[in-house]
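Encoded as structure tokens, the structure appears first; notes follow it.
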Amino acid sequence: GQVGRLRTQSTSGDVSARVELTADARVEIETVSGEIELSLKGDRSGDYELSTFSGDLDNCFGPTAERRRYSPGRDLKFREGDSQRDIRISTMSGSITLCD
């Protein structure tokens, strides 16, 4: 089935999810020290805001993440297609991978 709401937080652990999102889905994933991997099945339209304080940020679609000016982290904010979805992903110490 499809996921309409996904909220996950981790203090010291990895988060991995493979989901198909509803048209108005809300996704919030946060870790303090852990890797985040989100794989999207089907339509991947939405507003994306990804941030890592010290880690890599890789995505299989959309623009390339920008390195922060005064820290080792990366930020990426973009819109893919036309959708009401919001995808927010952040980590303090870990990498983010966004793929389909």
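Structure above, values below:
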quantity	calculated
Some residue of the range 33-45 being open to solvent by less than 30 Å² (accessible area, probe 1.4 Å) and free of Cβ contacts under 8 Å to residues at least 40 places away in the same chain	no
Failed item in (1) within 13 Å of the chain's Cα centre (by Cα); (2) modelled with pLDDT of 90 or more; (3) surrounded by fewer than 16 Cβ atoms within 10 Å (Cβ to Cβ); (4) hydrophobic (A, V, I, L, M, F, W, C), with residue 23 passing the rest	(1)
Among residues of the range 80-90, those that are more than 25 Å from residue 10 (Cα to Cα) and either surrounded by 12 or more Cβ atoms within 10 Å (Cβ to Cβ) or touching a Cys at 6+ places or on another chain (Cβ under 7 Å) (or both), counted	3
Residue 1 surrounded by 15 or more Cβ atoms within 10 Å (Cβ to Cβ), of a type outside the set (Val, Ile, Thr) and at pLDDT below 95	no
Unmet requirement for residue 11, which otherwise passes all of (1) touching a Gly at 6+ places or on another chain (Cβ under 9 Å); (2) touching a residue at least 24 places away in the same chain (Cβ under 8 Å)	(2)
The range 54-76: number of residues that are surrounded by 14 or more Cβ atoms within 10 Å (Cβ to Cβ) and either part of a strand (DSSP E or B) or touching a Leu at 6+ places or on another chain (Cβ under 7 Å) (or both)	8
Pair list, Cβ under 8 Å, 6 or more apart: the range 62-74 residue hydroxyl-bearing (Ser, Thr, Tyr), other residue open to solvent by less than 60 Å² (accessible area, probe 1.4 Å) and at pLDDT 75 or above	64/76; 71/54
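The values are calculated or read from the model by the stated rules, or taken from the named source; none is laboratory data. Quick caveat: nothing in here was measured; it's all calculated off a predicted structure. Don't worry about glycine lacking a Cβ; one is built from the backbone with ideal geometry, like all the others, and counts go over all protein chains shown. Protein only, heavy atoms only, side chains kept; ligands, DNA and RNA dropped before computing areas. Shrake-Rupley method; radii C 1.70, N 1.55, O 1.52, S 1.80 Å.
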